[in-house]
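Student: Dropping the structure in here first, questions after.
The values are calculated or read from the model by the stated rules, or taken from the named source; none is laboratory data. Source: prediction; values computed, not measured. Positions of Cβ are generated from backbone atoms using ideal geometry, with glycine treated the same way; all protein chains shown enter the neighbour counts.
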Amino acid sequence: MTLCARASKALAATAPHPLKVRLLLPLCSCYSSSAIAASALSETHYRDIIFSTIRKKPSAFSNSKWCRDRFQAVIADPKLFVRVLVEIRTRPRIALRFFRWVESQPEVKRSEFVFCVILEILVQNNMMRSAYWVMERVISVDMHGIVDVLIGEYVFAKVSIKLLDLLLWVYAKKWLVEECLSIFDKMIQNGLLPDVNNCNRVLRILRDKHLATKAKQVYRMMGEAGIKPTIVTYNIMLDSFCKQGEVKQALNLVTEMHKVGCFPNGVTYNVLINGLSKEGQLQQAEGLMRDMLKSGLRASSYTYNPLICGYCKRGLLAEALHLGEEMAVTGAAPTVVTYNSIMYGLCKWGRVTEARDRFSDMLKKCMSPDVVSYNTLIYGYCKLGNIWDAFLLFDELKRRALTPTLITYNTLMDGLCRLGDLEVAQQLKIEMINQGVCPDVVTYTILVNGCYKAGNLSKAKELFDEMLNKGLEPDRFAYNTQLVGELELGDPSKAFNMQEEMLAKGLPPDLFTYNVFVDGICKLGNMDEAYRLLQKMVHDGLVPDHVIYTSIMHAYLVSGRLRKAREVFYEMLSKDLLTSVVTYTVLIHAHAAKGRLELAYMYFSEMQEKHVLPNVVTYNAMINGLCKVMRMDQAYEFFTQMEEKGILPNKYTYTILINENCNMGNWEEALRLYKQMLDRGVEPDSCTHSALFKQLDRDCKLHAVHCLESLILAIEESS
């Protein structure tokens with residue numbers, strides 16, 4: 001059956017009345033401009049007109065208004081249009097030009113069959129770029145019914161598959177998910193198998209739109225239909241699984257790949273390493289990277305970055321820095337993301353100077369820091385309470401034509417609230433709104449928390465109500481902040497009422513909520529209520545963590561009940577809970593302060609055996625305990641040890657040593673420590689000065705400080 005006959009048959013089947021065969025009249029020597037006269041002319045007549053016109057005028061049919069009346073019947077009658085296209089199919093470029101011209105007419109009557117005919121002509125002549133344009137036109141004029149026409153055997157099967165694949169490709173490029181799934185499903189059901197590359201395009205869209213269930217369905221249908229997946233198919237599915245946190249399923253798919261003889265490439269490894277790193281399975285992720293390198297594949301920044309980021313987020317800075325050094329050895333060039341991750345890890349540990357050095361390295365290498373780079377350093381400075389340098393970076397960020405984000409403003413406001421500067425924090429909130437950055441729940445939570453810490457209850461309530469009025473729904477973090485505030489102000493009844501409100505809004509207490517409650521109740525000295533909460537937590541199906549046990553231990557230690565605290569500690573160990581540096585430090589501090597140095601030593605040794613590294617607070621607790629019993633040699637040993645481990649003494653370390661040296665009359669050593677403190681940029685406070693001059697009258701202290709600093713300066717100048 002010819003193309004014309006098939007199309008005419010189809011049009012007849014879809015027309016209100018069956019298509020009747022019409023006797024074609026011989027051509028007249030002159031052409032009427034009326035539509036009625038034109039409708040009586042045959043397709044061969046229009047063919048001759050089209051060809052002769054183009055011979056005389058090669059640019060014919062370029063203008064949409066050209067000779068419209070002469071072709072009014074073709075414009076108005078899709079059946080005639082089909083027959084005309086068939087007649088001129090031997091000249092495909094002319095057929096395309098004429099099709100475009102008719103399509104540009106405002107009164108054109110469209111039909112899916114017309115589009116099918118021109119598409120078949122183009123495909124048969126391998127004019128695929130033009131066919132792509134026509135298929136885009138199909139979509140733009142909502143001729144989606146063309147799918148059923150192509151499947152309905154009105155076009156040769158070989159051409160039909162090509163056209164359906166082309167349409168699927170265009171749908172995929174336009175991210176039309178429902179249309180992609182519909183055509184894919186119809187093709188599979190009718191045994192017209194889509195090209196695997198188009199299947200991959202559909203899977204990629206579903207992955208990027210987080211439609212993992214649909215992606216699994218498409219992948220399953222591909223297998224059932226006998227469409228053999230490629231390495232690209234597997235990589236897309238692996239990425240989809242990993243983005244959904246289904247790493248186990250991703251690893252199962254790798255096993256399936258091996259069974260069918262499809263072996264992982266660099267993308268496969270990078271996808272899996274990224275997925276495992278995000279799930280916190282860092283050892284397995286690094287193991288995969290080692291396998292990747294052994295197989296001869298090169299690791300890039302895309303391989304290293306997820307691991308470095310994962311290690312930094314979990315505080316495993318040494319491992320992250322080691323991988324950063326390894327990148328230089330293997331020739332994997334670090335990116336801005338690499339630097340940002342390491343800077344974050346350093347800032348998290350308070351090593352902002354080193355983070356700033358990394359920032360400078362980026363600039364030396366002509367890399368452009370992004371807003372995340374600045375946000376990270378701002379976070380580091382705010383964490384240290386150095387708000388001045390944080391704002392200098394904020395100004396530099398804007399000078400570089402980078403736009404501050406919500407995170408930038410929230411970080412600065414948090415830094416200000418930590419320092420009690422609520423007024424400037426409020427001004428910053430106004431500025432961000434003026435800059436078109438809308439405050440979110442986190443913004444308000446930071447400000448509410450700052451108000452609670454400052455004891456400004458009315459302002460905290462005002463901000464919380466403002467958040468609600470703006471249609472922002474408080475999350476757990478917002479409610480937990482409110483709970484902390486109420487408990488810090490010693491009002492547990494309000495805190496418990498707020499917990500009921502959380503439940504009513506479908507926010508049952510989580511581990512952090514219980515941690516807040518137990519810590520707050522412990523600080524109020526109500527240990528029975530703290531234990532009752534612990535039992536309720538277990539009843540609710542939550543497992544108490546080391547934070548809750550540490551809060552209970554700390555409460556017992558503060559009240560002097562050291563034995564009870566040790567019982568809680570051993571109960572925690574019996575449950576195989578991981579201990580933290582805070583857990584050991586509160587134990588060490590309490591026992592050292594009470595003169596129980598043998599137990600303090602024991603805990604200090606035990607924590608290191610368990611690879612829990614002591615921090616400056618831990619060392620200060622040991623040094624303080626030793627100074628209290630005048631075991632100065634051992635105190636200095638700890639002082640030297642902490643420096644060797646890269647832990648810098650702070651003002652409390654120096655104040656403890658200065659205080660005991662003054663008590664023992666070692667004024668020269670006290671002065672040496674004070675000078676070292678100043679040389680290292682450690683700012684002394686009133687406690688330091690009180691330790692130095694506690695035997696002097698209060699009125700003389702300030703004068704003595706000035707004299708002392710002048711004396712030190714004089715010594716420096718003379719040397």
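Student: What's the number of the only condition in (1) under 30 Å from ALA318 (Cβ atoms); (2) assigned to a helix (DSSP H, G or I); (3) at pLDDT below 90; (4) not polar (S, T, N, Q) that ALA670 fails to meet?
Tutor: Evaluating ALA670 over (1) under 30 Å from ALA318 (Cβ atoms); (2) assigned to a helix (DSSP H, G or I); (3) at pLDDT below 90; (4) not polar (S, T, N, Q) leaves (1) as the failure.
Student: Those residues that are within 22 Å of PRO474 (Cβ to Cβ), in a helix (DSSP H, G or I) and not β-branched (Val, Ile, Thr), I need them from region 500-531; list them, please.
Tutor: Once the filter is applied, which keeps residues that are within 22 Å of PRO474 (Cβ to Cβ), in a helix (DSSP H, G or I) and not β-branched (Val, Ile, Thr), region 500-531 yields GLU500, GLU501, MET502, LEU503, ALA504, LEU511, PHE512, TYR514, ASN515, PHE517, ASP519, GLY520.
Student: Looking at region 555-578, which of the residues that are touching a Phe, Trp or Tyr at 6+ places or on another chain (Cβ under 8 Å) and closer than 22 Å to VAL516 by Cβ is surrounded by the fewest Cβ atoms within 10 Å (Cβ to Cβ)?
Tutor: Among those residues, the one meeting the criterion is GLU571.
Each row is one residue, and each column tells you yes or no for (1) within 19 Å of TYR171 (Cα to Cα); (2) assigned to a helix (DSSP H, G or I).
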residue: GLY191; (1), (2): no, no
residue: ASN197; (1), (2): yes, yes
residue: LYS216; (1), (2): no, yes
residue: ILE236; (1), (2): yes, yes
residue: ASP239; (1), (2): no, yes
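Student: If you don't mind, there's one more thing I want to ask. Under 9 Å between Cβ atoms, which residue pairs at least 6 apart in sequence (or on different chains) link something in region 169-197 that is over 22 Å from THR213 (Cβ atoms) with a partner that is basic (Lys, Arg)?
Tutor: Close Cβ pairs (under 9 Å, with a partner that is basic (Lys, Arg)) amount to TRP169/ARG201; LYS173/ARG201; LEU192/LYS186.
Student: Restricted to region 147-187, and to residues that are of a type in the set (Val, Ile, Thr) and buried (at least 23 other Cβ atoms within 10 Å of the Cβ), which residue is nearest to ILE94 (Cα to Cα)?
Tutor: Here the answer is VAL155.
Student: Of the residues GLU153, GLU107, GLU120, only one is in a helix (DSSP H, G or I), in contact with a helix residue (DSSP H, G or I) (Cβ under 9 Å, 6 or more places away or on another chain) and over 19 Å from ILE50 (Cα atoms); which?
Tutor: GLU120
Student: What is the number of the single condition among (1) farther than 20 Å from ARG476 by Cβ; (2) in contact with an Asp or Glu (Cβ under 9 Å, 6 or more places away or on another chain); (3) surrounded by fewer than 18 Cβ atoms within 10 Å (Cβ to Cβ) that PRO492 does not meet?
Tutor: Result: PRO492 fails condition (1) only.
Student: Please list, ordered by first then second residue, the pairs with beta carbon atoms under 8 Å, 6 or more apart or interchain, first in region 52-63 and β-branched (Val, Ile, Thr), second surrounded by fewer than 17 Cβ atoms within 10 Å (Cβ to Cβ) and not in a helix (DSSP H, G or I).
Tutor: THR53/CYS67
Student: Which one of GLY665, GLY681, GLY646 is more than 29 Å from ALA318 (Cβ to Cβ) and assigned to a loop (DSSP other than H, G, I, E, B)?
Tutor: GLY665
Student: Among the residues of region 423-471, which ones are among the acidic types (Asp, Glu) and more than 19 Å from GLU501 (Cα to Cα)?
Tutor: GLU423, GLU431, ASP440
Student: Can you tell me which residue in region 134-146 is farthest from the chain's Cα centre (by Cα), limited to those that are crowded, with 16+ Cβ neighbours inside 10 Å and in a loop (DSSP other than H, G, I, E, B)?
Tutor: Among them, the one singled out is MET143.
Student: Here's something else I'd like to know. Regarding ARG89, is this residue at pLDDT 90 or above, under 53 Å from the mean Cα position of the chain (by Cα) and buried (at least 17 other Cβ atoms within 10 Å of the Cβ)?
Tutor: Judged against the criteria, ARG89 is not a match.
Student: Could you look through region 608-642, keep only residues that are of a type in the set (D, E, K, R) and under 38 Å from the mean Cα position of the chain (by Cα), and pick out the one that is surrounded by the fewest Cβ atoms within 10 Å (Cβ to Cβ)?
Tutor: GLU609
Student: Based on what the data block shows, is ALA131 buried (at least 18 other Cβ atoms within 10 Å of the Cβ) and within 49 Å of the chain's Cα centre (by Cα)?
Tutor: Yes.
Student: Further question on the same structure: Exactly one condition in (1) at pLDDT 75 or above; (2) touching a Phe, Trp or Tyr at 6+ places or on another chain (Cβ under 8 Å) is not met by GLY520; state its number.
Tutor: Failed condition: (2).
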